[in-house]
Amino acid sequence: MSELRFEELRGEQVAYAIHRQERTFLPSRAHCPLCPTTPGGEPTEIPFPAFEIAVFDNRFPAFEAPHGAAEVVVYTDRHEASLGTLSPERAEALMWVWRHRYMELGARDDIDYVFIFENRGVEVGVTLHHPHGQIYGYPFLPPVPALELAADERLGGCAPCALMGRELNDGRRILLENDHLVAYVPYAARWAYEAHVTLREHRASLLDCEPAELRALAAALQALVRGYDALFERPFPYVMAVHQAPTGGRPGGRAPEGHLHVEFYPPLRTADKLKYLAGSEQGAGTFISDTLPEESAGALREAIALVA
Ligand SMILES: [Zn+2]
Ligand SMILES: [Zn+2]
Ligand SMILES: [Zn+2]
């Protein structure tokens, strides 16, 4: 069981999940727990010889019922694949799986925020290489989505709508755009190659999206990831965060708001140099960046076009 403690100085929750120390750490290819279970082979987490997309409870959960949830979403039974190399149909199916999990977990009383994410690469702490993402159901509204709701208040309307409009007006940091969405390196990106993918229409969550929007979202995420991999000709580590409307009631009883968008935080600033969170970032909360978003957007846009 994990334990929540409230850190008064920062006004935020810290979760203690000490059983996670025991979790499988970078097993060899032959012992991958997310590969299918082959006849005569050792059993994995997935007791089938083949599968498309698999979702199950994390064996080492940070949150679990009746105080939240932690799930694993395996994108494919192919160990060497990635989000970028899935077939377009599989990537689109993944959007529907996300949507379904958002709906089911979001309906639970013990979950206030459904957070879909992927950690890719040992640089961001991945312990299993098999292509997969995770879903946490938080029993509270975590600080980052809370900050985004505060931005709505500050801007007097939907912040993602407003920021997307500013990016389209400026144009220099746009990575790709179509009828359904816009991808850009934000004006004040914290990471050199940070990217946000935002639906053009104000959609609070995946539940509000049209099928064509889900297809476009899958295609954009894939194009972006392939562009990342092409940029330095190496698998590009990142944290991918899907931000949607909270599913729990807010203090004061106001209806939850939000605007579906996907953020990528890649730690690389060059092909072989990592950005570390150091004194200013950790102790003062201010990012210091060595690169300008306009320049990294230009390079990333070219890389995306190259492999489109
Ligand atoms: Zn595997
Ligand atoms: Zn909006
Ligand atoms: Zn966000």
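Listed values for the stretch 196-203 are Karplus-derived 3J(HN,Hα) couplings in whole Hz (6.51 cos²θ - 1.76 cosθ + 1.60, θ = phi - 60°), namely 10, 10, 10, 5, 5, 7, 6, 10, and x replaces Gly and Pro. Rounded to the nearest 20 debye, the dipole size of the chain about its Cα centre is 340 debye, using +1 on the Cβ of Lys and Arg and -1 on the Cβ of Asp and Glu.
Once backbone amide H atoms are built at 1.01 Å from N, Glu194 has no partners under 5 Å, excluding neighbours fewer than 5 places away on the same chain.
With viscosity 0.692 mPa s and temperature 37 °C, the Kirkwood radius over alpha carbon pairs of the stretch 122-254 converts through Stokes-Einstein to a diffusion coefficient of 198 µm²/s. With a 10 Å cut-off between alpha carbons and a GNM built on the chain, which of Pro235, Pro160, Pro139 moves the most? Most flexible of the set in this elastic network: Pro235. Per-residue ellipticity at 222 nm from helix content only, as computed over the chain with -39500 (n - 2.57) for each DSSP H run of at least four residues, stands at -8500 deg cm²/dmol. Here the relative contact order of the stretch 221-308, from alpha carbon pairs under 8 Å that lie six or more residues apart, stands at 37 percent.
Applying a 4.7 Å Cβ-Cβ cutoff to the chain, the cysteines left without a disulfide-compatible partner are Cys209.
Positive end of the charge dipole of the stretch 76-220 (Lys, Arg +1 and Asp, Glu -1 on Cβ, about the Cα centre): tell me which of Val97, Ile111, Pro145 has its Cα farthest that way. Result: Pro145. Karplus-derived 3J(HN,Hα) values for the stretch 29-42, using 6.51 cos²θ - 1.76 cosθ + 1.60 with θ = phi - 60°, are 3, 5, 10, 5, x, 9, 6, x, 7, 8, x, x, x, 6 Hz; glycine and proline are entered as x. For the stretch 52-169, the dipole from Cβ point charges (+1 on Lys and Arg, -1 on Asp and Glu) about the Cα centre works out to 180 debye, to the nearest 20. Computed over the chain, the range of Cα coordinates on each principal axis works out to 59, 49, 44 Å, biggest value leading.
For the chain, modelled as a Gaussian network with Cα springs under 10 Å, which listed residue fluctuates most, Pro143, Pro186, Pro39? Evaluated over the chain, the most mobile residue of the options is Pro39.
Over the stretch 1-92, Cα pairs under 8 Å with separation of 6+ residues give a relative contact order of 21 percent.
Given Cα pairs under 8 Å that are at least 6 residues apart, what percent is the relative contact order of the chain? Relative contact order for the chain comes out at 18 percent.
Considering only Glu123, Glu210, Glu12, the mean-square fluctuation computed in a Gaussian network model of the chain, springs between alpha carbons under 10 angstrom, is largest for Glu12. Taking the Kirkwood radius as Rh and the Cα radius of gyration as Rg, the stretch 35-168 has a ratio of Rg/Rh equal to 1.03. Fewest-first ordering of Ile53, Ile288 by other beta carbons within 10 Å of each residue's beta carbon gives Ile288, Ile53.
Bear in mind these aren't lab numbers, they're just calculated from the coordinates by the rules spelled out. All of these numbers come straight from a predicted model, not from anything done at the bench. We place every Cβ from the backbone using ideal geometry, glycine too, and count neighbours over all the protein chains shown.
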